[in-house]
Each structure stands twice: as C-alpha cells, then as structure tokens.
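The values are calculated or read from the model by the stated rules, or taken from the named source; none is laboratory data. What you see is a predicted model; the values in this text were computed from it and never measured. Positions of Cβ are generated from backbone atoms using ideal geometry, with glycine treated the same way; all protein chains shown enter the neighbour counts.
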C-alpha cells in the first residue's frame with residue numbers, strides 16, 4: 001500500500017532513516033514510560049520507537065496513513081488516536097508521557113500551545129519543526145524572533161536546538177529548511193503566579209512589540225503601584241522569562 005503525502009494536511013514524509021533514528025534517540029526516556037507520536041504518516045519514526053521499552057500511542061488524522069499503520073504495525077491498532085489538537089490527553093494516557101513527531105508545519109505552533117496546556121503530563125517533547133519556528137521557540141531575550149512562543153515555552157521547559165534538517169530528505173521536499181528541537185520540562189507550575197495573567201501580560205507585551213511595555217500593557221490596565229516600574233520603560237523582547245514572571249507577581253500583589 002502506497003500513501004501519498006497530502007498538501008492540505010501539511011504532510012512531508014521523512015525518508016532518511018538515519019535522521020529518523022537520530023530523532024528517536026534524542027528522547028531521553030527518563031521519568032515516563034509512554035510516548036505519543038504525532039503525525040506518524042508511514043511510520044518512519046514508529047519503527048524505531050517500537051524498539052524502545054515504552055508504551056506507544058500514535059495520533060494520526062489521515063485515513064490513508066491510519067490504514068497503512070494498521071497493516072504494517074498491527075500491534076498498534078488499538079493505540080491509534082484521533083487529532084492531537086482535539087483529544088483529551090489525560091483520558092488516553094493518565095500518566096506522564098513524552099511527545100515526538102515530524103510535526104505538520106501548519107499546526108506546529110498549535111501543538112506547542114496544546115503541550116503547554118498539558119504540561120503537568122508532558123515531560124518531554126522532541127519534534128521536527130520548520131526551522132524558523134524552531135528558532136523562535138529557543139530564541140533568547142534581545143533577539144528579534146524572541147516572542148510569545150519563546151517565553152511561554154521556556155517558562156516551563158528547557159529548550160534545545162538539536163540539529164538542522166535539509167529539505168531534500170523529505171517527500172515532497174518542503175520549501176523551507178527544518179530543525180529538530182527538544183523541550184525538557186523543569187517545572188509544572190510557577191510558584192505564586194496566576195498563569196492566566198502571566199499569559200495575558202506576555203501576549204499583550206509582544207502584540208505591540210515596538211512599543212514600551214508601559215504602552216503595550218495599557219489594554220490590561222497597569223496597576224497604579226507599577227507605574228514607575230523599570231520594566232515598563234523596556235520593550236517586551238528586552239525582558240527575560242524570569243523578568244516576565246517577576247512582573248506578573250508584582251502585578252498580582254499590587
């Protein structure tokens with residue numbers, strides 16, 4: 001059975017087995033015994049994951065790919081689940097897990113936000129992203145590409161850019177380079193911080209990134225006691241993750 005990559009699903013099947021093996025080996029296999037692979041396609045990562053001593057689930061929305069996986073990996077028939085963005089992870093896996101995948105580029109940012117919503121469960125992520133998105137996730141303060149995705153991810157996960165992947169190792173080749181990154185959770189919650197307020201401050205700050213935070217955060221109604229705060233004279237990209245956390249804490253306590 002041959003599976004054709006579908007443009008509307010953002011499918012670019014990895015065909016280089018050495019890179020597939022390298023991606024699978026980039027997981028640490030610590031603090032969890034369950035893996036959820038997103039977008040397995042024709043199972044290029046799956047075949048290597050099956051050699052690991054873990055319970056494996058697959059999230060796939062392409063009917064043709066699902067049929068292929070059931071035929072070629074019959075032991076996983078009952079472990080194929082629906083669209084990652086729609087499923088309740090906890091109902092499928094009521095314990096710690098890691099996530100891996102050659103992520104469809106059109107939903108890769110949404111995958112990260114879903115991971116953050118489930119950070120109490122998701123211990124580690126190793127994923128293939130469009131290079132530009134991967135660089136944004138791992139970007140440090142002061143960079144032009146440092147933004148919402150960088151701060152919200154790094155608030156809970158250590159981010160590592162592992163390696164770049166050339167477009168020629170995919171079928172069909174994407175028009176952009178790709179990169180594999182690893183996220184390793186180092187905390188589930190930020191002590192003394194309301195996560196909703198933290199998210200609002202980060203988003204408001206970067207939504208008008210050319211303005212100082214004094215102006216960008218006006219939409220949230222800056223507390224009077226913070227009007228002279230040094231951070232408000234800076235732009236969002238000049239604040240570290242811990243600076244945003246400190247600002248949120250002081251905002252709450254004002």
Which helices (runs of 4 or more DSSP H) sit wholly inside the range 1-78 and have at least 2 residues that are under 19 Å from residue 178 (Cβ atoms)?
17-25, 46-49
Filtered residues of the range 17-31 (kept if without any contact (Cβ under 8 Å) to a residue 60 or more places away in the chain, within 20 Å of residue 167 (Cα to Cα) and within 19 Å of the chain's Cα centre (by Cα))
20
Would a scan of the range 83-103 turn up a residue that is assigned to a helix (DSSP H, G or I), free of Cβ contacts under 8 Å to residues at least 24 places away in the same chain and assigned by TED's automatic domain parsing to the domain that holds residue 14?
yes
Quick one: would you say residue 146 is over 22 Å from residue 98 (Cα atoms), touching a residue at least 24 places away in the same chain (Cβ under 8 Å), surrounded by 18 or more Cβ atoms within 10 Å (Cβ to Cβ) and in the same structural domain as residue 30 (by TED's automatic domain parsing)?
yes
Just to be sure before I move on: is residue 181 assigned by TED's automatic domain parsing to the domain that holds residue 112 and surrounded by 13 or more Cβ atoms within 10 Å (Cβ to Cβ) in the structure I sent?
yes
Out of the residues in the range 163-189 that are within 14 Å of residue 103 (Cβ to Cβ) and assigned to a strand (DSSP E or B), state the one that is modelled with the lowest pLDDT.
170
Among (1) in contact (Cβ under 8 Å) with a residue 24 or more places away in the chain; (2) under 30 Å from residue 129 (Cβ atoms); (3) part of a loop (DSSP other than H, G, I, E, B) - the single one residue 254 does not satisfy
(2)
Filter result for the condition that a residue is over 21 Å from the mean Cα position of the chain (by Cα) and closer than 24 Å to residue 161 by Cβ, over 77, 52
52
For residues that are over 20 Å from residue 13 (Cβ atoms) and either outside the structural domain of residue 17 (by TED's automatic domain parsing) or exposed (fewer than 14 other Cβ atoms within 10 Å of the Cβ) (or both), tally how many sit in the range 56-82.
5
Take residue 202 and tell me if it is over 19 Å from residue 116 (Cβ atoms), in contact (Cβ under 8 Å) with a residue 12 or more places away in the chain and within 21 Å of the chain's Cα centre (by Cα).
no
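Rundown of residues vs (1) more than 26 Å from residue 158 (Cα to Cα); (2) out of contact with any helix residue (DSSP H, G or I) (no Cβ under 8 Å at 6 or more places or on another chain), yes/no style:
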position	(1), (2)
42	yes, no
54	no, yes
57	no, no
72	yes, yes
82	yes, yes
85	no, no
88	no, yes
98	no, yes
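A quick yes/no check of all residues on (1) under 18 Å from residue 242 (Cα atoms); (2) crowded, with 16+ Cβ neighbours inside 10 Å:
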{"residue": "142", "(1), (2)": "yes, no"}
{"residue": "156", "(1), (2)": "yes, yes"}
{"residue": "167", "(1), (2)": "no, no"}
{"residue": "218", "(1), (2)": "no, no"}
Taking residue 137 as the residue in question, decide whether it is buried (at least 17 other Cβ atoms within 10 Å of the Cβ), assigned to a helix (DSSP H, G or I) and in contact with a helix residue (DSSP H, G or I) (Cβ under 9 Å, 6 or more places away or on another chain).
yes
